[in-house]
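The values are calculated or read from the model by the stated rules, or taken from the named source; none is laboratory data. Here the structure is a predicted model, which is why all the values come from computation and not from measurement. Because the Cβ atoms are built from the backbone with ideal geometry, glycine has one as well, and the counts that use them run over all protein chains shown.
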Amino acid sequence: MNLKIAPSLLSADFSKIAEQIAAVDAAGADYLHLDVMDGRFVPNITWGPKIIGDLRKLSRKVFDAHLMIVEPEKYVEEFRRVGADIITVHQEATVHLQRVLTQIKSLGAKAGVALNPATPVQTLEDVIEDCDLILIMSVNPGFGGQTFIPNTLRKLRAARALIDARNPACELEVDGGIGRANIASVADAGARIIVMGSSIFGAGDPGDELAALRACASSARV
Ligand code: DX5
Ligand code: ZN
């Protein structure tokens, strides 16, 4: 199955980040998922463009920047400049969603929209043609290691139907609480990019765990 795995560096050990990135790179990670948090949109703070620019020197993988920040339009240019390939903003974090999607694409990056667990897929009906990626949050954003919210499966199926009907090139990503036990079910529900933080970096060997997760995903029906 054509499933992409995107390790989230949120749960990586930054005291040995080069080694951790090399391990998932070598194990065939497709994207590196970078969680940017501002302490306003979500109750946690991570890193900004400086750190992403430095990490850019460590890997040639696709950099998948998940912006959990208010007014992302103020910062997308800077994140693109330091090397983000995909820039995903939250539907809930900007008043002018269509404008920021256009802005991201004009910078040469892929434009994604993330939805919190309480935000319906239907809110994307009028921007689906403007989206390169939809990210369905399967936890409330802010922290790694949370429990997967089961309603996500219904939302993934709704997003898959919207994408297939209106913009088949759009990617469908899911993020939060995913590991060996549920990776096949999110793939069955239509997700094609799987973000995983604690299940990969909480393991003894992140590269071995990534391979084990891919094997679990192969039992998906799709
Ligand atoms: C949560 C972040 C996730 C996080 C997922 O707000 O968007 O990317 O790293 O972590 P796990 O896989 O541990 O739920
Ligand atoms: Zn994320």
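Quick look at the numbers
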| read-out | value |
| --- | --- |
| Spans of helices (runs of 4 or more DSSP H) in the range 149-222 with at least 1 residues surrounded by fewer than 21 Cβ atoms within 10 Å (Cβ to Cβ), away from ligand 1 (no atom under 16 Å from the Cβ) and at pLDDT 95 or above | 152-166, 183-188, 206-217 |
| All positions within the range 132-153 that are within 19 Å of V36 (Cβ to Cβ) and more than 16 Å from ligand 2 (Cβ to nearest atom) | D132 |
| Residues that are closer than 21 Å to V42 by Cα, touching a strand residue (DSSP E or B) at 6+ places or on another chain (Cβ under 9 Å) and not polar (S, T, N, Q), drawn from the range 102-123 | A111, G112, V113, A114, L115, P117, V121 |
| Selection count, the range 163-222, where residues are touching a His at 6+ places or on another chain (Cβ under 9 Å) and under 15 Å from G145 (Cα atoms) | 4 |
| Candidate set from the range 164-175 (those that are under 17 Å from the mean Cα position of the chain (by Cα) and more than 9 Å from I136 (Cβ to Cβ)); member that is farthest from ligand 2 (Cβ to nearest atom) | A169 |
| Residue in the range 5-15 that is in a loop (DSSP other than H, G, I, E, B) and within 13 Å of ligand 1 (Cβ to nearest atom) present | yes |
| Whichever residue in the range 125-136 is hydrophobic (A, V, I, L, M, F, W, C) and touching a strand residue (DSSP E or B) at 6+ places or on another chain (Cβ under 6 Å) and, among such residues, is farthest from ligand 1 (Cβ to nearest atom) | C131 |
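Residue by residue, here is whether (1) of a type outside the set (F, W, Y); (2) within 26 Å of A203 (Cβ to Cβ) holds:
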| site | (1), (2) |
| --- | --- |
| P49 | yes, no |
| L58 | yes, yes |
| Y75 | no, no |
| T119 | yes, no |
